Every structure is written in structure tokens, then in C-alpha cells.
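**Q** Questions regarding the structure given below will be posed in turn.
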Amino acid sequence: MPDRGTIHIHPTAELADRALLPGDPGRALALAQSVLTDPLMFNHHRGLWGYTGLAPDGLPLTIQSTGMGGPSAAIVLEELADLGLRTALRVGTCGTLVDGFAHGDLIVVDAALPADGTSTALGATEPVVGDRELADALAGAAELRAAADGVAVRRGTIATTDLFYDPDPSRPAAWVAAGALAVEMEAATVLTVAARRRLRAGCLLTVTDLLTGARERIDADALAAAGERLGAVAAAALAAPAGPAT
């Protein structure tokens, strides 16, 4: 393929104009195997595994890992935008900040509190929002899958942070006071970069950690099932009719 000038993403297959963006390279591989038909490796440079194939709707879809945290996610999304991406959907994991969740539940993100350095360095000061039509499509697809799988779906605000192990116990309370249901590490950055680059963007999360008491971590089998559920819901949402970016 011709050199398009990207430094960190080295395409070895075509990029689709829409992509799922998990953080974990291993989850990117698992999603490629469960979602795509005839996937080809799109990128392996720097261990940021990516794949392109056909989604269940018969159209091309790229699944590209972003790595852990905002700085890596920003680099990946900027370079995907340079290569022609138009729709970006983060699919990832989160820890809950309020009661009422179980492992494997789904959260459709309407807004992300920019409590991380990357999104704030890019100018985010207020909760960052994604494309409303994409969020609506995610909610509809999530409700259908959740009913079949026996998990719950909630929709709302989450917080994005740089710290998985946060030494300051006061921060979660402040996020909850601002309306956050859960915390993760990439959504605010993805939504901020997407707005700057005029991409459609959204975020779908699955609950892997219950944080309102002692941390309760999801087990390996349930995590694998939750990842497959993320991919199926995201692909179904992307197959819904799309309006212009908002």
C-alpha cells in the first residue's frame, strides 16, 4: 500500500471508514475473530494490533487497538483520521462508581468528564459528548443484546482518568457528584480528538470492576463473554442508518 505518512500506524490492509477502538490489542484480535469475516491484519506496528474485514452488515470495518490511556489513544485516532477514518467507536471496559451494576453490564456513554491530561491538553474543560445518533443506535442494540444475555444497560456520563491505581480517594466522589456512573481511561480523549477532526464518535463500555467497596474484578470467562458482547452490539449499532456528524 502507498505510504500515507503515518508514524505509528503502518497499514498492511485497507482502512475502513469506520472502526471499533478497543484499548487492548488482545481484545482487538478477539473482536476481529468474533465480528469480522475474512479479517486481514491492518496494523501490528508498536504492538497496536488492528484488523480489517467485513462486518455482519457486509461492509468493511476496521478494529484497531489504541493502547492504554489517552496519549496512546490520541495518537492512534489522529493517524486513523489522517488515513481516512470517518466513524470511531470506542469499545472498552470500566469500573463502576455507583451501586446497582453487575459484571458484564453495558454503559452507553452520552458524555465523558475530562479528568485526564490528554483531553484537557486538547482543550476539553466540560463533559465531552459524542454523536447523538450513534449513541441512540448503541442504546437500541445494547438493549436487544442485554435482554438475551441477562445483563443490564445504562446510559449516561462517565469519567476518564489517567490513573488505574489512584492514590487520591477523593476523586471518585467528585466524579459521582458531577454525574459519573463509571470511570475508564480513553473515552474523553477519543471524543475530543473526534470532535477536533470532525469524526462521528461514540463509546460503549462493559463493566469489569465494581469499585464502590473493595474492588471486585470480573473473572476471565465472563470478561471474554463481555468482550464478545461489546463487539456484537457495536457492529449492530454501526449498521443502523447514520446521519451527519454532530
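The values are calculated or read from the model by the stated rules, or taken from the named source; none is laboratory data. Computed from a predicted model, the values in this text were never measured in an experiment. Don't worry about glycine lacking a Cβ; one is built from the backbone with ideal geometry, like all the others, and counts go over all protein chains shown.
**Q** Can you spot a residue in region 68-77 that is among the β-branched types (V, I, T) and under 23 Å from A182 (Cα atoms)?
**A** Looking for residues that are among the β-branched types (V, I, T) and under 23 Å from A182 (Cα atoms), one finds none in region 68-77, hence no.
**Q** Quick check: is even one residue across region 207-219 surrounded by fewer than 18 Cβ atoms within 10 Å (Cβ to Cβ) and over 15 Å from T96 (Cβ atoms)?
**A** yes
**Q** Being modelled with pLDDT under 95 and over 16 Å from E133 (Cβ atoms) is the filter here, so list the residues in region 214-244 that pass it.
**A** Answer for region 214-244, where residues must be modelled with pLDDT under 95 and over 16 Å from E133 (Cβ atoms): A214, R215.
**Q** Continuing with this model, one more query. Residues in region 77-94: is at least one without any contact (Cβ under 8 Å) to a residue 24 or more places away in the chain, within 24 Å of R198 (Cβ to Cβ) and either touching a His at 6+ places or on another chain (Cβ under 9 Å) or not polar (S, T, N, Q) (or both)?
**A** no
**Q** Between A222, A237, A188, which is touching a Pro at 6+ places or on another chain (Cβ under 6 Å), surrounded by 14 or more Cβ atoms within 10 Å (Cβ to Cβ), in contact (Cβ under 8 Å) with a residue 24 or more places away in the chain and not basic (K, R)?
**A** A188
**Q** Could you check P56 against (1) within 19 Å of A137 (Cβ to Cβ); (2) touching a helix residue (DSSP H, G or I) at 6+ places or on another chain (Cβ under 7 Å); (3) buried (at least 22 other Cβ atoms within 10 Å of the Cβ) and say which number it fails?
**A** Against the list (1) within 19 Å of A137 (Cβ to Cβ); (2) touching a helix residue (DSSP H, G or I) at 6+ places or on another chain (Cβ under 7 Å); (3) buried (at least 22 other Cβ atoms within 10 Å of the Cβ), P56 comes up short only on (3).
**Q** Please indicate, with yes or no, whether at least one residue in region 37-53 is in contact (Cβ under 8 Å) with a residue 60 or more places away in the chain and either more than 24 Å from L191 (Cβ to Cβ) or within 13 Å of the chain's Cα centre (by Cα) (or both).
**A** no
**Q** Which condition from (1) more than 13 Å from L191 (Cβ to Cβ); (2) modelled with pLDDT of 95 or more is the one that A147 breaks?
**A** (2)
**Q** When the residues of region 103-137 are narrowed to those that are among the small types (G, A, S) and assigned to a strand (DSSP E or B), which ends up farthest from E186 (Cα to Cα)?
**A** A111
**Q** Okay, next question. Name the residues in region 54-86 that are within 15 Å of the chain's Cα centre (by Cα) and either assigned to a strand (DSSP E or B) or among the polar types (S, T, N, Q) (or both), would you?
**A** Answer for region 54-86, where residues must be within 15 Å of the chain's Cα centre (by Cα) and either assigned to a strand (DSSP E or B) or among the polar types (S, T, N, Q) (or both): L61, T62, I63, Q64, S65, T66, S72.
**Q** Of the residues A142, A173, which is crowded, with 22+ Cβ neighbours inside 10 Å, in a helix (DSSP H, G or I) and modelled with pLDDT of 95 or more?
**A** A142
**Q** Turning to a different aspect of this structure: Hey, among the residues in region 147-170 that are more than 18 Å from the chain's Cα centre (by Cα) and outside any loop (DSSP other than H, G, I, E, B), which one's farthest from F101 (Cα to Cα)?
**A** Out of the qualifying residues, it is A148.
**Q** Please verify whether P22 is under 21 Å from L138 (Cα atoms), surrounded by fewer than 17 Cβ atoms within 10 Å (Cβ to Cβ), in contact with a helix residue (DSSP H, G or I) (Cβ under 8 Å, 6 or more places away or on another chain) and at pLDDT 95 or above, treating the condition exactly as stated.
**A** So P22 fails the test.
**Q** Yes or no: E126 modelled with pLDDT of 95 or more, out of contact with any helix residue (DSSP H, G or I) (no Cβ under 8 Å at 6 or more places or on another chain), acidic (D, E) and surrounded by fewer than 16 Cβ atoms within 10 Å (Cβ to Cβ)?
**A** Taking the combined requirement at face value, the residue satisfies it.
**Q** Continuing with the same structure: Can you pull out the residues in region 71-86 that are under 14 Å from L20 (Cα atoms) and touching a helix residue (DSSP H, G or I) at 6+ places or on another chain (Cβ under 7 Å)?
**A** Result: A73, L77, A81.
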